[in-house]
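Enquirer: After the structure tokens below, expect a handful of questions from me.
Please treat every number below as a calculation from the coordinates, not as lab data. Computed from a predicted structure; not experimentally measured. Here the Cβ is made from the backbone with ideal geometry for all residues, glycine too, and neighbour counts use every protein chain on show.
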Amino acid sequence: MESTKLKFILLSALIGLFSCDKESESEPAQPLEPSAPFQELYDQGIDRYLGVFIPDTSELISPGLVEHKFSGIDAPVCYTGNQFSMFTRDGSSDELLIFLQGGGFCSPTACAAVETGIPLVSFGILSANASQNPLANYDLGYLPYCDGSGWMGDNEVDSDGDGINDRFFRGVQNLSASLDQIARTYPSPNRIVLAGNSAGGFGLHPALPLLRKLYPKVPIALINDSGNGILDPGSIDILLDYWGARPFFPASCTECIGGDGNITDYHAYQLSEDENLRMAYISSKQDDTYAQIISGGGPAFEAQLIEAANELKVAFPDKFNSLIADGNEHTFIISNFSYPVAGTTVRAWVTEMVNEDPNWTSKID
């Protein structure tokens, strides 16, 4: 490659020497191709597990639905050591939905995360039978959550001090292996909806650059349901170090983890990097799950959520919108798909987004 590049440079120099008197006849310079998005993150190694793992078994559960299982403690695994598996389901269109399930976080002081992934349910945005679901006929990649590390961990921890590691934060392995399997199963979608709720909503953002590497040109619509990363100052730093997930944040983005503890600028970084990305927040104003863990409770969460949503909307008016409901509900796109918000419903608003309706815009109760 270097030899070819050197020949090109020498040839260009020779052409310049022999044609300097015909400058007016030369072709105009061609614009350079824009750099690929997320290259800094790849340089930091976040893609190191892409292409590494394949399932040990792929079992047909029902027509079109396959469960892909991984085995062994050195493979993708739940944080407890339980087996990890994921699902693909054939649709009837050329569109692809990738859904990241949630289920809590592990921290150095407590672990409130599911130990076994939630199997595929057919409700809300995941329903293949509901005529009102705009994604009913999409191909589906479904990722159950059980890594305790927001889909981005790469660390082992001795949580009880007995000298034996007993928490296996394999979020990036689980994520990479799942996305690889999805890309093998559905290699050429026309567009991708990347959606998730709670910890799965949080995990969409580490998933995005890996997904973009597998699908360099496909438009992606990202729907973050109740996982927008609003935490107390210092909390994200503690979690990233505990999980071994620091490489997912670009070293050059010094504000990606804000002084207020939020990662709004990380989401802004992704929107600015990826020209084929649109992003959505869905949340309630005083989400009870977050209200219990941040200082100031529900009112503090509401103020920071509205500020973050407005900041992204101003910076990216054509690429970002939010749907924010009154109350303290946590997650919508599976269990509350018909929930009314600001004169519409979650389902109708998501339909506008995925159909690229020009009327799609932010709505806040």
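Enquirer: Sketch the reach of a paramagnetic label on A300 as a point 7 Å from Cα along Cα-to-Cβ, and name the residues of the stretch 218-237 whose backbone nitrogen lies under 15 Å away.
Expert: Label zone hits: 230-236.
Enquirer: Can I ask one more? Would you mind getting me the FRET efficiency between E356 and S92? Use the beta-carbon distance for r and R0 = 25 Å, nearest 0.05.
Expert: 0.80
Enquirer: Continuing with the same structure: Restricting to lysine pairs 8 or more places apart or on different chains, what number in the chain have Cα atoms under 19 Å apart?
Expert: Qualifying lysine pairs in the chain: 5.
Enquirer: Quick one: compute the contact order of the chain, relative version, from alpha carbon pairs under 8 angstrom and 6+ residues apart, as a percent.
Expert: 14 percent
Enquirer: Which whole-Hz ³J(HN,Hα) couplings does the stretch 53-66 yield from phi under the Karplus relation 6.51 cos²θ - 1.76 cosθ + 1.60, θ = phi - 60°, glycine and proline marked x?
Expert: Couplings: 10, 10, x, 6, 9, 10, 10, 6, 8, 7, x, x, 10, 10 Hz.
Enquirer: May I pose another question? Among all stretches of the chain without exposed GluC sites (Glu not before Pro) (DSSP loop, at most 16 other Cβ atoms within 10 Å), which one is longest?
Expert: After excluding every exposed loop site, the longest remaining stretch is 116-254.
Enquirer: Of all DSSP beta bridges in the chain, what percent run antiparallel (nearest 5)?
Expert: Beta bridges within the chain, antiparallel portion: roughly 40 percent.
Enquirer: A further question on this structure: Put one equal scatterer on each alpha carbon of the chain, apply the Debye formula with no solvent term, and list log10 I(q)/I(0) at q = 0.10, 0.11 1/Å to two decimals.
Expert: Cα-only, vacuum Debye calculation for the chain: -0.63, -0.74.
Enquirer: Return, ordered by residue number, the residues of the stretch 97-127 whose backbone nitrogen is under 15 Å from a label point located 7 Å along Cα→Cβ of D160.
Expert: 111
Enquirer: Moving to a separate point now. Ordered by residue, what ³J(HN,Hα) values in Hz, to whole numbers, does the stretch 298-313 give under the Karplus form 6.51 cos²θ - 1.76 cosθ + 1.60, where θ = phi - 60° and Gly and Pro are x?
Expert: Coupling constants for the stretch 298-313: x, x, 5, 4, 4, 4, 6, 5, 5, 4, 5, 4, 5, 4, 5, 5 Hz.
Enquirer: For the chain, give the magnitude of the charge dipole about the Cα centre (Cβ charges: +1 Lys/Arg, -1 Asp/Glu; no others), in debye to the nearest 20.
Expert: That gives a dipole near 720 debye.
Enquirer: Report the one residue of P250, A300, P358 whose Cα lies farthest in the direction of the positive end of the charge dipole of the chain (charges on C-beta: Lys and Arg +1, Asp and Glu -1; origin at the Cα centre).
Expert: So the residue we want is P358.
Enquirer: Angle check, please: helix 199-214 long axis (alpha carbons) against the longest principal axis of the chain (alpha carbons), in degrees 0 to 90, nearest 10.
Expert: Computed tilt is about 30 degrees.
Enquirer: Please compute the Kirkwood hydrodynamic radius of the stretch 49-191 from all pairs of different C-alpha atoms, in Å with one decimal.
Expert: Taking the inverse mean of 1/r over all distinct Cα pairs, the stretch 49-191 comes out at 15.7 Å.
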